[in-house]
1. Quick one, could you list the DSSP H helices from the chain stretching 15 Å or more along their long axis (Cα atoms) with average Kyte-Doolittle hydropathy of -1.0 or above?
2. What list of ³J(HN,Hα) couplings, whole Hz, do you get for the stretch 473-480 from phi and the Karplus terms 6.51, -1.76, 1.60, once you set θ to phi - 60° and write x for glycine and proline?
3. What number comes out for the charge environment of residue 42, summing +1 per Lys or Arg and -1 per Asp or Glu over other residues with Cβ under 13 Å away?
4. Quick check: convex hull over the Cα atoms of the chain, volume per residue in Å³, rounded to an integer?
5. Based only on Cα atoms, what Rg/Rh ratio does the stretch 147-274 have, Rh being taken as Kirkwood's radius?
6. Per DSSP H run of at least 4 residues, take -39500 (n - 2.57); add these up for the chain, divide by its residues and hand me the 222 nm value, nearest 500 deg cm²/dmol.
7. Please give the length that would be gained between residue 205 and residue 62 if that part of the chain were fully extended, namely 0.36 nm times their separation in residues minus their C-alpha to C-alpha distance (nm, one decimal).
8. Taking a cut-off of 22 Å, what percent of all Cα-Cα pairs in the stretch 313-548 are separated by more than that?
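Please treat every number below as a calculation from the coordinates, not as lab data. Here the structure is a predicted model, which means the values were calculated and not measured. Here the Cβ is made from the backbone with ideal geometry for all residues, glycine too, and neighbour counts use every protein chain on show.
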Amino acid sequence: MGHTIYRDIRPYNPAMDNPCTARITRHFVVVGGRTVHYRRIGAGPPVVVLHQTPQSSVTMEALLLLLAPGFTAIALDTPGFGLSEALPGEMWDLPMLAGALADTLDALGLRKVALCGQHTGATIAAEFALRWPDRVSALALDGYTAFSAAEETTILPHQVPPFSASWDGSHLAWAWARFRDGWMFFPWSVPSLATRRALDMPPPDLIQSYQVMELLRSRESYRSIYPGVFAWDGVAAARQLGVPTLLACTADDQLYPHLDRLQGAAANVQIARLPAGARDTLRSMQAEFIAAHGAGEAAPAPPATQHNHAGMRRDYARLPDGRHIAFRQWPGSGALSVVLHGAGAAGEIDLDKTGPVLAFDLPGHGDSDAPTAWTAAALAADLATACDALKLERIQVIGHGLGAAVAVELARQRPHYVLSLRLAEVAAFSGTERADLHANYAPPIIPQWDGTHLLSLWHQLRDREFFWPWYRRQAAAARRMEPRVSAGRIDALLFAALRCADWPAAHRAWFDWPVEERLAGLDCPVTLAATPGDAWARDLERLMAIISIKPA
C-alpha cells in the first residue's frame, strides 16, 4: 500500500556505465501450477525485491539497478499483482503469502536470499524472515507496517471497496479519484485537514502509469491481501526478527509514524528516519545495507517456463537486441495457430484458447517491448525473429486489422513457416479515407488531471462496435453486426490501449499498409473473414480476386 514512489521512477537507461546493469530481463516461472512473473538483472548472490500494493515489480526497477552490481537482483510480482496469478481463496494472510514466497524461491532454485520490500512487500519479507531465518541473509525494508487495532477497524474498510467494470465506464472515474485523493490524504477516503499529506500532486501520466494501470491489471486482488496486512502484528515481528534488518521510511510516507511504534525492536534491527523526498537516499541505504550483509551462493540461471494449472504457458521471446515479445500458448494436436491482434489491442482479447494456439502481443502492445519502426513489415520482422527463437514451424496465422497486415508480411518474410492465413478487418483504404482516419480514428491518449481522458477512451472503444468509423455517428455508418460491448470486454480493450507504446502510430501502421499490393502473389492459402453487411465486408470480393491470382 502507499503512494510514495512514483514521481522518481526512472526508465531503463541503455547508456549506463556499469556493464553488469546492462538490461533488466523479464521471466515467468510456474509455482504449484500458478504462473509467477519477475524481473531480473545482474549476477552473484540473489536479492529478492517485493513491491507494494496494488503495484507490480516495474515500480522496483530503480532499486534493481542499484542492487545489480555484485548481486542477482530479482523483483517478483506478488500473488495477484502484475502478471502473477492470484493465490486460491478470497483472503490471503501473511503466513500464506510468506509460504507462497518460499515456494517461488524453491522454483527459482534459491536457497538463501537477501530481501528488500516496500509496504506490503516489506511485510511479506519480514514474515518470511520470521518463519525461515536460515533462508535470509538480510532484510532492507521501506515503509514497515505496524497498524493498530483501531486503524484496522477505521481505515481498512475504506481500502477494500469492490472494483469491477461498469457498462458506462464510471469505475474509471472512481479509480482515478481514489488515487488522486490518495496523494492528498491518508486515508484517501477521509479528506480533512487532519489527514492532509505534505505531498505535491504528481503529473497525471504518473497517476495513470503507476497507479490506475496497476489497479486495472490486478483488479480486486487488493481486497484479498489488505486484511492480512492490517491484521499483521508488525510490533511483535520487529522484536523477533533474528537477521540483520534495516527498517527505513521517509517523512512523507504515510507509514512513517509506524516507526515510532517499534519500541523494543531486536538489537539487529536498524531504524532509519529520512526527511521528506529522500527517495534516492533510502534506496541507496537499502543497496548499501544489502552489500554489507547479503551473501551466499550465486543465483542459478532462470528455469524454463512450464504450462500452468489451466494448461497455458506464458513467456517472452527475446530478440537479439534484448527486447521482449510476450506470448501465451495452449497445447493441442494438429498445426499450431498463431494469433495476431489488432492495432492497440493485446493478445488476450477475443482469444479462442482451443489449442494448439499461440497468441503474441505485437511489438509495442500488451507486454511486448516497442518496435524499431511502426510499420507492418517492421512488426513482422520482430515476430519472425521471435518465431525463429521459439523454433516455430508450419503455422497457421490468424490476424485482425493490424495483425492481418503483420500476418501477410510474416508470410512474405518466412514463407516456409506459414501454412495458411485467415485475415479479418481488412480493407483497401483510399487516400482520402486514410487522411480522415489519421486525423480522427486514434487521437493521442493524453492523461488529464481529472481523469476524463479515460472516459473519453472508453466511449471511443465502445462506439467502434456501433459505427465505422466510430466518430461518424450516423445511421448510414452503423455496423450491421451484433455489438460486443460487455463491460469486461471494453475494459480489456481500454487496458490494452493504455499499454500501447504509441496508440496513433499503431493505427497508422494499419491504415497505411498497402493491402492490395501485399496480398498479391502470396503462395499460401488465404481466407478473408467478415460479417455479411458489416463495413469490413465491403472490399472482400475485390481482395479475394487479387488473392486468387497465383504467383508465377
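1. 94-107, 120-131, 170-184, 221-231, 279-293, 376-390, 402-413, 452-463, 487-499
2. So the Karplus estimates, Gly and Pro as x, are 7, 10, 4, 5, 9, 5, 7, 8 Hz.
3. Numbers: positive: 23, 39, 40; negative: 61.
Local net charge: +2.
4. 151
5. Details: Rg = 16.8 Å, Rh = 16.7 Å.
We get a ratio of 1.01 for the stretch 147-274.
6. -10000 deg cm²/dmol
7. Values: separation 143, 0.36 × 143 = 51.48 nm, distance 1.82 nm.
Stretched out fully, the residue 205 to residue 62 stretch lengthens by 49.7 nm.
8. Roughly 51 percent, once rounded to a whole number.
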